[in-house]
Amino acid sequence: MAWDEWEQLKSQASERQPAQMQLNQTDPGMGGGPTASPGSYGDLRVSEAGLSKIGEHAHGLFERLWDEARLAVPSTDKAAGNLATQGFALGGALQHVSTRWDEQLKSLRDACGHISNHMRVTKKLHAGDEDYIHRQMSSIDTLDAGFNERVGKPGEPNPVYGEPSKKKDN
């Protein structure tokens, strides 16, 4: 293709459609994009058993990291010091690795502890929310029954209000 032909094709394309930005996105019919309604994604479901399981695994990993991943720091530091005093560069490197290992292990254990604690708190909050929602729904049912004239037989007083009191005429 000659350069002139290329330029001609470019100018024809620009005449047909002005230059504009086009963003890639998923097909709206596939559940993504701006036209998808929030209800089409489904509801978030959390079970207490699921939260407990995640928390237990995180706590178990926290404990195992302490038991199995720790270096014998005093002996590692002693070996690094001995190597360094004998003139080996490996001593400084071993000390550096030991220090970094401890820092990373502490960071990982903190993350596991945070996950475990977060799951425990989330479980407690979730249970509290469930109790609150249940109480609210129960009171709404009672209130609805008082306003619903169809609770009793047609033409009879609504039993929710109790027996009518007898008024005394003066």
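Some notes on this structure:
- Two-site FRET efficiency, Glu7 against Ala111, from Cβ-Cβ distance with R₀ of 45 Å, rounded to 0.05: 0.20
- Charged neighbours of Ser11, selected by a Cβ distance under 13 Å, balance to -2 (K, R count +1; D, E count -1).
- Separation of the Asp67 and Glu163 label points, Cα + 7 Å toward Cβ, nm: 6.8 nm
Every number in this text was worked out from the coordinates using simple rules, so none of it is lab data. None of these values were measured; they are calculated from a predicted model. Here Cβ is always computed from backbone atoms with ideal geometry, including for glycine, and neighbour counts include all displayed protein chains.
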